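What follows is one structure encoded as structure tokens, with my remarks underneath.
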Amino acid sequence: MHVIVKGKQIDVGDALREHIEESLENGVSKYFDNAIDAQVTLSRNSHNFHTECSVHIGSGIDVTASADNADPYMSFDSALDRIEKQLRRYKRRLKSHHGKERFQAKLAFAAQSYVLAPEPEDEQPEAEAQDEWQPMIIAESSADIPDCSVGEAVMRMDLANLPAMMFHNSLTKGLNVVYRRPDGNIGWIDPKIEKTEKSA
């Protein structure tokens, strides 16, 4: 497994880097021996070290976790512990679904993901208010929309710690969205598009 360790405005020493690489390799291989790569980013926020950890274990499955601690080693170890818990839960789901092939989701199609700047809170001049506000794109990246079941989409969202996920429903063949509700439950949006006949 290829491991990338980065420090954001901090210097990651050789000892910490070696600890991260060895611990990740040992921790992930306990559950999956075909993980492709991992990335760990450490930064400093006020009095703590913040660790962002992401592991790509193949088949479009990404597992992410983060943690904070005053000690950089403890910060990473806590994030890795959360990664291992997610991998353990994922492997248990694979076994309960009678085999790994059930979660080998296909790529439905590729898409572009954008980050938009928020609408300014200040009142706009009257001349500008007449025109519709257009959000400014501040970041752009590629995104893969998987072809999978609702259960698999929820699992992927959970593993990646995402607030929502769009997917191509392998049963209905339509674009769906699952998301986390404020009450702790999972929401599922399944658009129903009614076809209307055009009048001659």
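Just to be sure I understand, how many residues within the stretch 159-178 are closer than 18 Å to Ala143 by Cβ and either touching a Phe, Trp or Tyr at 6+ places or on another chain (Cβ under 8 Å) or among the charged types (D, E, K, R) (or both)? Selection size over the stretch 159-178: 9. Can you spot a residue in the stretch 20-27 that is at pLDDT below 95, under 22 Å from Asp144 (Cβ atoms) and not aromatic (Phe, Trp, Tyr)? For the stretch 20-27, residues at pLDDT below 95, under 22 Å from Asp144 (Cβ atoms) and not aromatic (Phe, Trp, Tyr): absent.
Out of Asp71, Asp77, one residue alone is modelled with pLDDT of 90 or more, touching a strand residue (DSSP E or B) at 6+ places or on another chain (Cβ under 9 Å), acidic (Asp, Glu) and exposed (fewer than 13 other Cβ atoms within 10 Å of the Cβ). It is Asp71.
Among the numbered conditions (1) within 22 Å of Ala153 (Cβ to Cβ); (2) touching a residue at least 24 places away in the same chain (Cβ under 8 Å); (3) part of a strand (DSSP E or B), the only one that Phe49 does not meet is (1). Within the stretch 138-160, the residues that satisfy the criterion of being loosely packed, with under 15 Cβ neighbours inside 10 Å and in contact (Cβ under 8 Å) with a residue 24 or more places away in the chain are Ala139, Glu140, Ser141, Ser142, Ala143, Asp144.
Within the stretch 52-78, the set of residues being among the acidic types (Asp, Glu) and part of a loop (DSSP other than H, G, I, E, B) comprises just one member, Asp71.
Of note, Val55 does not satisfy the criterion of being more than 20 Å from Arg156 (Cβ to Cβ), free of Cβ contacts under 8 Å to residues at least 60 places away in the same chain and in contact with a strand residue (DSSP E or B) (Cβ under 6 Å, 6 or more places away or on another chain). Restricting the stretch 162-200 to residues that are among the polar types (S, T, N, Q) and surrounded by 10 or more Cβ atoms within 10 Å (Cβ to Cβ), the residue that is modelled with the highest pLDDT is Asn176.
For Ser23, the conditions (1) part of a strand (DSSP E or B); (2) buried (at least 16 other Cβ atoms within 10 Å of the Cβ) are fulfilled apart from (1). Look at (1) crowded, with 19+ Cβ neighbours inside 10 Å; (2) modelled with pLDDT of 75 or more and you find that Ala105 fails only one, number (2).
The values are calculated or read from the model by the stated rules, or taken from the named source; none is laboratory data. Not measured: the values here are computed from a predicted model. For neighbour counting, all protein chains shown are included, and Cβ atoms are generated from backbone atoms with ideal geometry for every residue, glycine included.
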